[in-house]
1. Restricting attention to the range 67-106, report how many residues are in a helix (DSSP H, G or I), of a type outside the set (S, T, N, Q) and under 19 Å from residue 47 (Cβ atoms).
2. Based on what the data block shows, is residue 58 of a type outside the set (Val, Ile, Thr) and either at pLDDT 95 or above or touching a Pro at 6+ places or on another chain (Cβ under 8 Å) (or both)?
3. State the number of residues belonging to the range 255-308 that are at pLDDT below 75 and either in contact with a strand residue (DSSP E or B) (Cβ under 9 Å, 6 or more places away or on another chain) or in a loop (DSSP other than H, G, I, E, B) (or both).
4. Which of the helices (runs of 4 or more DSSP H) contained wholly in the range 109-224 include at least 1 residues that are among the basic types (Lys, Arg)?
5. Consider residue 152 carefully, then state whether it is open to solvent by less than 40 Å² (accessible area, probe 1.4 Å), farther than 27 Å from residue 211 by Cα and not basic (Lys, Arg).
6. Taking residue 13 and the conditions (1) β-branched (Val, Ile, Thr); (2) at pLDDT 95 or above; (3) closer than 18 Å to residue 164 by Cβ; (4) open to solvent by 10 Å² or more (accessible area, probe 1.4 Å), which numbered condition does it fall short on, given that it satisfies the others?
7. Can you pull out the residues in the range 20-40 that are within 23 Å of the chain's Cα centre (by Cα), open to solvent by less than 30 Å² (accessible area, probe 1.4 Å) and either over 30 Å from residue 237 (Cα atoms) or not aromatic (Phe, Trp, Tyr) (or both)?
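The values are calculated or read from the model by the stated rules, or taken from the named source; none is laboratory data. What you are looking at is a predicted structure, and each value in this text was computed from that prediction instead of being measured. With ideal geometry, Cβ positions are generated from the backbone for all residues, glycine too; neighbour counts draw on all protein chains shown. Side chains included, ligands, DNA and RNA excluded: accessible areas come from the protein's heavy atoms. Shrake-Rupley method; radii C 1.70, N 1.55, O 1.52, S 1.80 Å.
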Amino acid sequence: MSRATLGWLALFVAGLAFPLMAGNDYHLTVMSTAYIYAIATIGLNLITGYTGQFNLAHAGFMAVGAYTVGILTVDHQVPFWVAFALSGFVTAALGAAVGAVSLRLKGHYFSIFTLCVGYIMFLVIEKWESLTHGTVGIIGIPGPSPIGPLVFDTPRALYYLVFFFLVLGIFVMRRIVNSLMGRSFMAIRNSDALAEALGIRLMRTKLLAFVLSVFYAGLAGGLYAGFVRFLGPGVAAVEHTFDMTMYMLVGGLGTLLGPLLGSISVPWITQYLQFLQEYRFLVFGPILVLLVIFVPHGIVGSWLGWRARRASQAAEPAAAAQRTTAPLKGVPSVSTGGQRHA
């Protein structure tokens, strides 16, 4: 079993054991919310970290998934699990339409366009009262309905439900990034021209990454709706996209573990700084700036870089010794008995 597999297994066991160590239901709620945002951040990492397209409308797509569940369950009495499944597909369909237009742009132009799209989503949610209930929000969203003997009516049961979807999301994303599809995403991140020279269809591959990314956001939004039971326009605020971006930067952009680590560590740090009230960001802000300056690849990215350098340094003496002991062409070797052989 590889070291990476052992690390993931240790994290899985820690996640299973967390409710046993949590002091109260509030801790379970904080961790469950962190897991939900971790699912959305993993999706954002696919389009930003692996494909190199910075989507600033990600929180808007998460809100689309959340409002899909809220509207269908409250206004149309659709069962929760049906609405939850639709949240991902509705968001993916909208993402395909937005991506078909926005992905024709590159770099900062793409980011600015998606920022505008995210703000339009926020305005639609806030102003379209007949559909989204406007600033009043959607109240009384039903929680996840029972699945056979499994009932999700306690914070611990909801924690394990969210944890299950997080593990499933990480497993699927790991298969994606380690596949030929994932290699294509990374080739586009490195260079559009190089990827095109390799035969990769740029627009189709970028659109696929974008749709998969927002699908994760939609499912995270659906979970969020069933978890908090209330929705308001603030769910679509661009600040949440910047929060998820911060999680990626702290943990490590373009890594599997980085978004998870950032999504868990940053909310807990802010929770422990709550005694400072509004001044806690004066403390947390400089810490984040220092991390970006001195650890630009994030915690996981820096650790992977250090491990690669250490492996390279360990391999250099062996390679040098091999070059030293290798016989030179055209130079006769001398045996230990003093006889010369051609």
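1. As a first pass, look at the range 67-106 and keep what is in a helix (DSSP H, G or I): 67-75, 80-102.
If we keep only those that are of a type outside the set (S, T, N, Q) as well, we get 67, 69-72, 74-75, 80-86, 88-90, 92-101.
Cutting the leftovers down to under 19 Å from residue 47 (Cβ atoms) gives us 88-90, 92-101.
Selection size over the range 67-106: 13.
2. On the way: of a type outside the set (Val, Ile, Thr): yes; either at pLDDT 95 or above or touching a Pro at 6+ places or on another chain (Cβ under 8 Å) (or both): yes.
Considered against the rule, which asks whether it is of a type outside the set (Val, Ile, Thr) and either at pLDDT 95 or above or touching a Pro at 6+ places or on another chain (Cβ under 8 Å) (or both), residue 58 comes out as yes.
3. 2
4. Details: elements: 129-132, 155-177, 180-190, 192-197.
Ranges flagged: 155-177, 180-190.
5. Numbers: open to solvent by less than 40 Å² (accessible area, probe 1.4 Å): yes; farther than 27 Å from residue 211 by Cα: yes; not basic (Lys, Arg): yes.
The answer is yes for residue 152.
6. (2)
7. Within the range 20-40, 28, 30, 31, 32, 34, 36, 38, 39, 40 meet the criteria.
So that you can scan it fast, the table gives a plain yes or no per residue for (1) of a type in the set (A, V, I, L, M, F, W, C); (2) modelled with pLDDT of 90 or more; (3) surrounded by fewer than 23 Cβ atoms within 10 Å (Cβ to Cβ):
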{"position": "195", "(1), (2), (3)": "yes, yes, yes"}
{"position": "201", "(1), (2), (3)": "no, yes, yes"}
{"position": "206", "(1), (2), (3)": "no, yes, no"}
{"position": "211", "(1), (2), (3)": "yes, yes, yes"}
{"position": "222", "(1), (2), (3)": "no, yes, no"}
{"position": "229", "(1), (2), (3)": "no, yes, yes"}
